[in-house]
Amino acid sequence: MKKLVLLLPLLLAACANNDGQGSISQAVVKPLLENECKVQLNNRQEWRVVSMVLTNAKKLEIEQKVCGCVSEEGTKNMTAENTIGLVNPNTRTQTAATMAAQSIGGCVKRFITN
């Protein structure tokens, strides 16, 4: 019952907005995925090599683009299981890590190789 009480406002907020603008995924999930993306990006070998030759401003610009891409992809592909995992404080970090890992490779290739 406790989980249902916690989940109900999130589900209502997600359902109340048909166009996705300002939905729960936009307000809550995107920042979680962006933060997880930054952690994962800094652990990637290709990013460490590329970032050695970039200015701080350019590194920040690319990081924002890559992590923005990851958060967009993550919210587009979010499942009910992901939603439940993100609501639960015990599984939130792992769920965000899994969601970010699913799209970071494509986003890195899109913005680092171009």
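Since every read-out is calculated from the coordinates, none of them should be taken as a lab result. Just so it is clear, the model here is predicted, and its values are computed rather than measured. Note that we place each Cβ from the backbone using ideal geometry, even for glycine, and neighbour counts take in every protein chain shown.
Quick look at the numbers
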quantity	calculated
Environment charge of GLU73, counting only residues whose C-beta is closer than 14 Å and scoring Lys/Arg +1, Asp/Glu -1	+2
Neighbour net charge for MET99 - beta-carbon separation under 13 angstrom, K R +1, D E -1	-2
Chain lengthening between GLU81 and ASN43 when straightened (0.36 nm per residue, less Cα-Cα)	11.0 nm
Nitroxide proxy distance, nm - points 7 Å out along Cα→Cβ at LYS65 and ALA27	3.1 nm
Kirkwood hydrodynamic radius of the stretch 28-112, Cα pairs, Å	12.9 Å
Residues in the stretch 86-114 that a label on VAL53 would reach, taking backbone N under 20 Å of a point 7 Å out along Cα→Cβ	108-114
Assigned charges on the beta-carbon of Lys, Arg, Asp, Glu; the stretch 28-112 dipole about Cα centre (debye)	220 debye
Top positive-direction residue, dipole computed over the stretch 46-114 with Cβ charges, set CYS67, THR83, ALA96	CYS67
Summed side-chain charge close to ILE62 - residues other than ILE62 whose Cβ falls under 14 Å, Lys, Arg +1, Asp, Glu -1	+4
